[in-house]
Protein chains: 4
Amino acid sequence: MKKKIVLAYSGGLDTSYCIKYLTAEAGYEVHALTVDTGGFADDEIQEMEARALSLGAASYRREDVTESYYRECLRYLVYGNCLRYQTYPMSVSAERMFQAMSVARYAVAIDADGVAHGSTGAGNDQVRFDLAFELSGKTLEIITPIRDMQLSRQQEVDYLAQHGLVWPEKKGKYSINAGLWGTSVGGTETLTSHQNLPESAWPVPVTATGPREIDLHFAAGEFTGFDDQKFSSPVAAIKALEALAAPYGIGRDIHVGDTIIGIKGRVGFAAAAAMLIIKSHHLLEKHTLGKWQLFWKEQLANWYGMMLHEGQFLDPVMRDVEAFLESSQGTVNGTVHVTLHPHRFVLNGITSPNDLLGAGFGAYGEANEGWSGDDVRGFTKILSVPGRIRNSVNQQP
Amino acid sequence: MKKKIVLAYSGGLDTSYCIKYLTAEAGYEVHALTVDTGGFADDEIQEMEARALSLGAASYRREDVTESYYRECLRYLVYGNCLRYQTYPMSVSAERMFQAMSVARYAVAIDADGVAHGSTGAGNDQVRFDLAFELSGKTLEIITPIRDMQLSRQQEVDYLAQHGLVWPEKKGKYSINAGLWGTSVGGTETLTSHQNLPESAWPVPVTATGPREIDLHFAAGEFTGFDDQKFSSPVAAIKALEALAAPYGIGRDIHVGDTIIGIKGRVGFAAAAAMLIIKSHHLLEKHTLGKWQLFWKEQLANWYGMMLHEGQFLDPVMRDVEAFLESSQGTVNGTVHVTLHPHRFVLNGITSPNDLLGAGFGAYGEANEGWSGDDVRGFTKILSVPGRIRNSVNQQP
Amino acid sequence: MKKKIVLAYSGGLDTSYCIKYLTAEAGYEVHALTVDTGGFADDEIQEMEARALSLGAASYRREDVTESYYRECLRYLVYGNCLRYQTYPMSVSAERMFQAMSVARYAVAIDADGVAHGSTGAGNDQVRFDLAFELSGKTLEIITPIRDMQLSRQQEVDYLAQHGLVWPEKKGKYSINAGLWGTSVGGTETLTSHQNLPESAWPVPVTATGPREIDLHFAAGEFTGFDDQKFSSPVAAIKALEALAAPYGIGRDIHVGDTIIGIKGRVGFAAAAAMLIIKSHHLLEKHTLGKWQLFWKEQLANWYGMMLHEGQFLDPVMRDVEAFLESSQGTVNGTVHVTLHPHRFVLNGITSPNDLLGAGFGAYGEANEGWSGDDVRGFTKILSVPGRIRNSVNQQP
Amino acid sequence: MKKKIVLAYSGGLDTSYCIKYLTAEAGYEVHALTVDTGGFADDEIQEMEARALSLGAASYRREDVTESYYRECLRYLVYGNCLRYQTYPMSVSAERMFQAMSVARYAVAIDADGVAHGSTGAGNDQVRFDLAFELSGKTLEIITPIRDMQLSRQQEVDYLAQHGLVWPEKKGKYSINAGLWGTSVGGTETLTSHQNLPESAWPVPVTATGPREIDLHFAAGEFTGFDDQKFSSPVAAIKALEALAAPYGIGRDIHVGDTIIGIKGRVGFAAAAAMLIIKSHHLLEKHTLGKWQLFWKEQLANWYGMMLHEGQFLDPVMRDVEAFLESSQGTVNGTVHVTLHPHRFVLNGITSPNDLLGAGFGAYGEANEGWSGDDVRGFTKILSVPGRIRNSVNQQP
């Protein structure tokens, strides 16, 4: 009897190769699962289903986890203003982990013997998949043909051609990965250290012109929508914001970072909605949170993002950090006023019922109420005590 | 016999008022000292000297501390990629502290009885001055007429007019503060939470058009120059970069933050050179430093910037952080390739002899050398051990 | 009409002086409030009430906040294993803040015009009181006769004698402060840097002999009791443990630290229950929490303790840290086996349903299950990648 | 031609087995190297040499790295008051890394083809050895018979007996590992969670009685000696202190922690000198360093210890942390007064030219000079500003 396995199916060349290879050569019963985190259109899914089945998959299934992905993860990336190395919103990092966990759960649910993924041996995704599979609660065989055989793209195309599937010429030479929180773009230039991606590499061309005012709304730290539009959920609001802002070419950049396996990696990304939301949220927090909340949030969120990036979403410390972050968001309410321009945006300011600035305690640098010059004199006198003692004891300055 | 005091003289309305008031009404012998941290032209200084003496100062002196300010402080802000709340290069914060320390040293040197500054009671500068004065090593009277009398601008203008000095209409309604590391802009809109500064408020208008390629060079973490130009010192290189980049309107933003006295403050700034250097330096570090160096540098530099911002430059922990930062910079060598556009810049990539990316160990996501798929399999197997134990003990998931 | 004020009344010389002085000389209507955080016996309270009224207080009230003090604060000190500078359980720090907040609430409740405390100008308590009073939500006059007049003990005794109250010779020369979480002891030797307190200075003499086995029980991080005894609440269990363990002389030490006002301070303390509970809890956590939970708990709890020590309990970051700490405690269940000896205790081990040690995954250093030698080989191969790249690029070692 | 390998030879059963097995069965030319970090007496070394050669080693060598181990590593553990999970001085962790690095260097120096160690597959040491070998700068085969064959102790004894070496009955049933910084003890009880080691398991019995006063001296953070004795180096002073203090049974405890491979581990240790030095050094720092130095030292040293424990001594961040720690030690000078008792010690106090306590600025809680009550009043007024604003904006409390 054939071993039953679940394959994390993205519809791309690597995982399509896997279906054919694992059914035809390795003798597995392959159940293809596409876990949707906001990156697939319905017609793409139909196409993927047809391809999977034609390549020999015993079944095909799409699971849409976008809402739980948002609620259990993205939400905290917003609370934490998480940008890896101050740059990358970790679009793919977060998604891949949720896809891997869904595959693991499905494998357990259908009592599969193993799980397969199409990752190479040089990236982060292999670790995310392996880790999630190891922690499924069941001992699952982990099958990774691309990594194990170190196949080239051409070898895969040739193999599929031999089996009757002519793989279409790619539109371009870039590897693209789209999800709710952004799209990553890798290839040619990102394999160097010195070259930027050409305009043509980006998934959405810059077609917007002229400035556009936009108001982003937040309630208890969550992005709820923009302008006067109503949205059924933050997920819907994020998608609408992305559709609006992507043609401005906002949120494009290149991330250079440390991979889980220790090499440096470089990848482009376009994440208009993510960057607008994070930067707006951060500004709103500067007005509504205390200094030490901002201090610790930054450290903890930095760690949270790193752990998530490295496939450690299931570490229990992540739940504790989430509790901290959630606790901090009660006063993060209000609207952030932004202007979009081609290739950039400007945060003009905020309006918030919890704004701590200009709260009748005098304006910064102008006038003071609530304390006197003598109070500040006393304040600095006391602040200087440790230094005066040091000077006295250590004969300095 | 008159008490001898040193006044920190910026040439502005507040400190000009102080000269007249402290000599004419309060009976002090006032020695005006302008500490230059890269923000004054020679003709401005001449004008300030004439004004100070005409208002009654017993002496006038300019001290140029730009080089030591760079060497003892700015350099570390670059090593640390320091931006307060990820935004503000702390242009004024750093300068003011160095000005205050210079005034204190001068007061001790000429055996003054006291020191005076023109700060109001609502900002950060009063604390920086007071702290530096308290830590001079000598007990100095601290005289602060503007803070103590809570004078309005109009009261000061009227008083000076009564004494024969017609204060010129300000060019605009904004309070401007220029130094080597940037220019701050405060007034009208920055006193609200929701308004951005108008184009006219910025010190340098945007006149540059079209893209401009530029290469920034770094040696052991220090910015040494750009393109093929040679500079006598990093200070000279920074000034030249500022002159080149300011007309692009780069590095303009609004900082919202916590003041030392506990209120929130909001101030605009234009810091083209500072932002270009910091962002370029950070990118170079991502290629040349280890993951944990980047992690700890960020935390320590964040703290360093906060302490500096809050007038605590003399705290001994600052020397220890500097030692850490300096130790980390040995491999931060190379060139960062940047494109300037009006209102923005793009970091295209880097070239470095210490680049850890693509070092013959395989390219990220493409191919791997130096390890095998089985190595990664073992790696993730071990990484999963704590989670598997947790699942087993606590019956999850 | 007299101004109505609430005095934080401890029954000691300073606050007794305050009642007489503030009623007789300063013309206030003084309402004495003793806030009990577990440090007063009923007969002490009766004595204090009689003294307060005889000195002229308009009313006397005792408020027992021990339960809320435990629930809102001490509990988190246990979760966080909080010891200031790895030594001091912050017995007095925590109490004083809760006393100050209760006084402030009472002053608001009875619509008082002001609040008074008996702190000197050289310690931490004045700041804790002042801060809590400033944050009462009402503008209250803060009256501090001892601080303002810099009175000596003798001056106070003489003044009270003139008004008919002969202050009893103190039992000893030490200032003692008792509460649920420990007793502080200051005087003579603690005013030096080099002397330890003599045996006679400690509040409870060492009378226990021989070893005593004891089992401490924890549920979700809370200390619930010991051995087979049942307790109505953690507070009752703490009191019973203190009664049992104090005669062993356990938990005595001297804290040297930084005061809020910047001088160094030194104070003895005896805190048998607190030290036993914290050290036992910490050991239990080492068995039941993950590595990164332990890492971040330590940093956050260190901060939490410092802020509490410095009167910043009301800072909103404290609520966020509490959320983190609480989230982490779900698996901190079990029993810690301890042996008490005179002057010391030994943690023998733990028993826990959530023990992650020896969970069928092989014993440390002996045998391994759940992974192979080749897995570890792969693990370390990958762990070495960054170092091998560094060596290759930077030509080291 | 035989492959030439270097074996890290400790003289124990595992590595003795390795010599015989690797020469007789596997056909290697085995060069045995014992790296001494302060744990071997000369006669032990002679015995080890004889055994190694008789078992078939091609050569035997002892390398004494104690001084460099102290200078490059232990010194920083003192500066950092490093105790893993507040308990374990990481005696073995540090040594093993230095032994591994020495073996790697020797293998490169004699142009060996490989390196071998005798670690099992369940502990930390295998990772430390593997990592150091991978980072030798040369590609070396790593040979680990015990780990690969998962041999039991009995299998090894039998094998050696077949080859003519009767392995002596161990003195006891505990695995003992001695070095300059302490001795670890593992076996029977440490494999459980709830049992303590019996008295007989500890390497040095408690023979001292009665109290003993001792003065420990520090210069720029380094332990230089005690009482009136002169020492040629800190290493000599540490050894003398260990000899004096070990018979008091001081510094015995059980470490429970996270191993590098993710399981929890438990091990006893006796480290009299290490604990005395670290606790004394920490106390001296509380008197001589600033609050923020203490704060950051703790975080960084905690990390430093963890990384060292996990074999990451060669990570570049370690050099940066060392720079920080070294920078902080300039004022850590003076003498710590300690009393030794059987099973415990008491820190009585310190004497230091850099003592910041009682420096003429008033005594804690008693009297204040250098500031007034009004200064503190102003200080707390300003400290309360953020809270008052929060109350006002958010309508609390």
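Note on the protein assembly as shown: antiparallel DSSP beta bridges, both residues inside, total approximately 65 percent of the bridges counted.
When B:T259, C:T224, B:T120 are compared by accessible area at a 1.4 angstrom probe, the order from most to least is C:T224, B:T120, B:T259. Take each residue in C:331-337, count the other chain C-beta atoms within 10 Å of its C-beta, and the mean is 2. Over segment C:262-353, Cα pairs under 8 Å with separation of 6+ residues give a relative contact order of 30 percent.
In plain terms, if you count all Cα to Cα distances in segment D:65-218 and split them into 10 Å steps from zero, the share in each step is 8, 26, 35, 22, 7, 1 percent.
With a ≥ b ≥ c the root eigenvalues of the C-alpha gyration tensor of segment A:175-351, is it rounded (a/c under 1.5), prolate (a/b larger than b/c) or oblate? Note, shape of segment A:175-351 comes out oblate.
The apolar share of the surface of chain A, taken as the fraction of accessible area on carbon and sulfur atoms (1.4 Å probe, ligands and nucleic acids excluded), comes to 50 percent. In debye to the nearest 20, how big a dipole does segment A:3-162 give about its Cα centre with +1 on each Lys and Arg Cβ and -1 on each Asp and Glu Cβ? So the dipole magnitude of segment A:3-162 works out to roughly 380 debye.
Counting only DSSP beta bridges whose two residues both lie in chain B, roughly 65 percent are antiparallel. From helices alone, the protein assembly as shown scores -12000 deg cm²/dmol at 222 nm; the rule is -39500 (n - 2.57) for each run of n ≥ 4 DSSP H residues, then divide by the residue total.
Under the rule a/c < 1.5 gives rounded, and otherwise a/b versus b/c splits prolate from oblate, where does chain B land using the Cα gyration tensor? Prolate, because a/c is 1.5 or more and a/b exceeds b/c. Counting only other chain Cβ atoms within 10 Å of each residue's Cβ, the peptide A:263-275 averages 4. Can you give the angle from 0 to 90° between the axis of helix A:373-383 and the longest principal axis of chain A, with both taken from C-alpha atoms, to the nearest 10? Between the helix axis and the principal axis of chain A, the angle is about 60 degrees. Between D and C, roughly 7800 Å² of accessible area is buried in total, ligands, DNA and RNA not counted and the probe set to 1.4 Å.
Put a plus charge on the Cβ of each Lys and Arg, a minus charge on the Cβ of each Asp and Glu, and nothing anywhere else: the dipole of segment C:69-111 about its Cα centre is then about 140 debye.
Here segment C:87-126 has an Rg and Dmax of 12.2, 41 Å, counting Cα atoms alone. For A:R252, nonlocal amide neighbours, meaning residues 5 or more places apart or on other chains whose placed amide H falls under 5 Å from its own, are A:A271.
DSSP beta bridges fully contained in segment D:108-213 are about 60 percent antiparallel. The accessible-area loss of segment A:171-213 on complex formation, taken against its chain alone with a 1.4 Å probe, reaches 50 Å² or more at A:L191, A:S193, A:H194, A:N196. For C:K138, the solvent-accessible surface computed with a 1.4 Å probe is close to 60 Å², ligands and nucleic acids excluded. Once the Cα atoms are used to define both axes, helix B:153-162 deviates from the longest principal axis of chain B by about 30 degrees. Taking the axis that rotates chain A onto chain B, the chain A residue nearest to it by Cβ, with the distance rounded to whole Å, is A:R344, 2.
For the protein assembly as shown, the dipole from Cβ point charges (+1 on Lys and Arg, -1 on Asp and Glu) about the Cα centre works out to 0 debye, to the nearest 20.
Here's how it looks for A:I143: its modeled amide H is under 5 Å from those of A:V115, A:A116, A:H117, which are all 5 or more places away or on a different chain. Angle of helix C:234-245 to the longest C-alpha principal axis of chain C, folded into 0 to 90 degrees and rounded to 10: 90°. What whole number of Å gives the distance from the Cα centroid of segment A:157-189 to the Cα centroid of segment A:237-299? Going from one Cα centre to the other spans 26 Å.
Here the Karplus relation 6.51 cos²θ - 1.76 cosθ + 1.60, evaluated at θ = phi - 60°, turns the backbone of segment A:38-52 into coupling constants of x, x, 10, 8, 4, 6, 4, 4, 4, 4, 5, 4, 4, 5, 4 Hz, with x for every Gly and Pro. Note on segment A:258-313: semi-axes of the ellipsoid equivalent to its C-alpha gyration tensor, largest first and rounded to whole Å, are 26, 17, 8. Diagonalising the gyration tensor over the Cα atoms of the protein assembly as shown and scaling each eigenvalue by 5 before taking the square root yields semi-axes of 53, 46, 32 Å, largest first. Can you work out the FRET efficiency for the pair C:K230 and C:T351, with r the C-beta to C-beta distance and R0 = 25 Å, to the nearest 0.05? For R0 = 25 Å, the calculated efficiency reads 0.85. With θ taken as phi - 60° and the Karplus curve 6.51 cos²θ - 1.76 cosθ + 1.60 applied, the whole-hertz 3J(HN,Hα) list for segment A:125-142 is 4, 3, 6, 4, 4, 4, 4, 4, 5, 4, 9, 5, x, 10, 7, 10, 5, 10 Hz, x standing for glycine and proline. Taking amide hydrogens as placed 1.01 Å from N in the peptide plane, the amide H of C:S10 sits under 5 Å from those of C:T15, each at least 5 positions away in sequence or on another chain. Using the Karplus relation 6.51 cos²θ - 1.76 cosθ + 1.60 with θ = phi - 60°, the per-residue 3J(HN,Hα) values for segment D:298-309 come to 5, 5, 5, 5, 4, 5, 4, x, 5, 5, 4, 4 Hz, with x marking Gly and Pro. Partner shielding of A:249-261 amounts to 5, given as the average count of beta-carbon atoms from other chains within 10 Å of each residue beta-carbon.
The values are calculated or read from the model by the stated rules, or taken from the named source; none is laboratory data. These figures come from a predicted structure and were not determined experimentally. With ideal geometry, Cβ positions are generated from the backbone for all residues, glycine too; neighbour counts draw on all protein chains shown. Quick note on the areas: whole protein, heavy atoms, side chains included, nothing else; ligands and nucleic acids left out. Shrake-Rupley method; radii C 1.70, N 1.55, O 1.52, S 1.80 Å.
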